[in-house]
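Asks: Sharing a structure below in structure tokens format, with a few things to ask.
The values are calculated or read from the model by the stated rules, or taken from the named source; none is laboratory data. The structure presented is a predicted model; accordingly, all values stated were derived computationally and were not measured. Because the Cβ atoms are built from the backbone with ideal geometry, glycine has one as well, and the counts that use them run over all protein chains shown.
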Amino acid sequence: MKDSFIFPPAGKVGRIALVYRSKAGKLERSGREILGGAPADYRQGAKYSGPEYALFSTARDLFAFYQMLLNGGSLNGKRVLSRSSVDLMTAMHTGELKSGHNPGMGFGLTVEVVKDPIGSFALLSPGTFGHGGAFGTHGFVDRRKKMVGVFLVQSSGGPAVDAKYAFMAMAEAAID
């Protein structure tokens, strides 16, 4: 992963998609009111790493990360995590507790896990895991279908955020 940062270097900020919101049917740039502050400040002066909202990355880097997880911790012949670490991380740890952001979901260690494929996740296999971002991005791994999905969007609300569910459904439907 060569294009992923918490605090992006000055030479990379021109490539960063800023966060937008839908207001009165039009897109406008989000400002200081959103999590992490004004997107155009690129976190300058921030002290907290903000792992829950502040990763700058690319589809290629995120795909490599999720492919490594799908491969049980290795990518391109290099071991990054042990298989047992990946299995522990992606196992359901919340049992029957109501958890996750959507019905039918639970949590592993840092990832949301499908325990009952219903609603927006009806086409995902049980055990599919992934992680969403604060502004609508989402990445997932469906081990049963040997599939990785990465959806990137920068929206502080509105229909763009919901588009990730349509992306996931279309991607899963395309794989038999």
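Asks: Could you say which residue among L62, L75, L97, L69 is in contact (Cβ under 8 Å) with a residue 60 or more places away in the chain and farther than 22 Å from S155 by Cβ? Let's see the steps before the verdict.
Replies: Working: L62 fails: farther than 22 Å from S155 by Cβ; L75 fails: in contact (Cβ under 8 Å) with a residue 60 or more places away in the chain; L97 fails: in contact (Cβ under 8 Å) with a residue 60 or more places away in the chain.
Being in contact (Cβ under 8 Å) with a residue 60 or more places away in the chain and farther than 22 Å from S155 by Cβ holds for just one of L62, L75, L97, L69, which is L69.
Asks: Restricted to the range 39-62, and to residues that are surrounded by fewer than 16 Cβ atoms within 10 Å (Cβ to Cβ) and hydrophobic (A, V, I, L, M, F, W, C), which residue is modelled with the highest pLDDT?
Replies: So the residue we want is A59.
Asks: A further question on this structure: Confirm whether K2 is in contact (Cβ under 8 Å) with a residue 24 or more places away in the chain, assigned to a helix (DSSP H, G or I) and at negative phi.
Replies: On the way: in contact (Cβ under 8 Å) with a residue 24 or more places away in the chain: yes; assigned to a helix (DSSP H, G or I): no; at negative phi: yes.
Judged against the criteria, K2 is not a match.
Asks: Let me ask something else about it. Run down H101, H131 and say which single residue is outside any loop (DSSP other than H, G, I, E, B) and in contact with an Asp or Glu (Cβ under 9 Å, 6 or more places away or on another chain).
Replies: On the way: H101 fails: outside any loop (DSSP other than H, G, I, E, B).
None of the others qualify; the one that does is H131.
Asks: Among the residues of the range 41-60, write down those that are touching a Lys or Arg at 6+ places or on another chain (Cβ under 9 Å), of a type outside the set (F, W, Y) and not in a loop (DSSP other than H, G, I, E, B).
Replies: D41, R60 - these are the residues of the range 41-60 that are touching a Lys or Arg at 6+ places or on another chain (Cβ under 9 Å), of a type outside the set (F, W, Y) and not in a loop (DSSP other than H, G, I, E, B).
Asks: From the list G100, G95, G77, G73, which one is of a type outside the set (A, V, I, L, M, F, W, C) and touching a Leu at 6+ places or on another chain (Cβ under 7 Å)?
Replies: Numbers: G100 fails: touching a Leu at 6+ places or on another chain (Cβ under 7 Å); G95 fails: touching a Leu at 6+ places or on another chain (Cβ under 7 Å); G77 fails: touching a Leu at 6+ places or on another chain (Cβ under 7 Å).
Residue meeting the stated conditions: G73.
Asks: Pick from V148, V153: which is part of a strand (DSSP E or B) and β-branched (V, I, T)? Spell out how you get there, then give the answer.
Replies: Values: V153 fails: part of a strand (DSSP E or B).
So the residue among V148, V153 that is part of a strand (DSSP E or B) and β-branched (V, I, T) is V148.
Asks: Applying the selection to the range 63-99, what residues are surrounded by 13 or more Cβ atoms within 10 Å (Cβ to Cβ) and hydroxyl-bearing (S, T, Y)? Working first, answer last.
Replies: Kept after step one, since they are surrounded by 13 or more Cβ atoms within 10 Å (Cβ to Cβ), are these residues of the range 63-99: 63-75, 80-81, 85-94, 99.
Hits for the range 63-99 are Y66, S74, S85, T90, T94, S99.
Asks: Which of the following residues is under 24 Å from P51 (Cβ atoms), within 12 Å of the chain's Cα centre (by Cα) and among the small types (G, A, S): G157, G100, G106, G130?
Replies: Working: G157 fails: within 12 Å of the chain's Cα centre (by Cα); G100 fails: within 12 Å of the chain's Cα centre (by Cα); G106 fails: within 12 Å of the chain's Cα centre (by Cα).
Just one listed residue meets the conditions, G130.
Asks: Now for a different question. Among the residues of the range 9-29, is there at least one that is more than 20 Å from the chain's Cα centre (by Cα), closer than 17 Å to S155 by Cα and polar (S, T, N, Q)?
Replies: Yes, because at least one residue in the range 9-29 is more than 20 Å from the chain's Cα centre (by Cα), closer than 17 Å to S155 by Cα and polar (S, T, N, Q).
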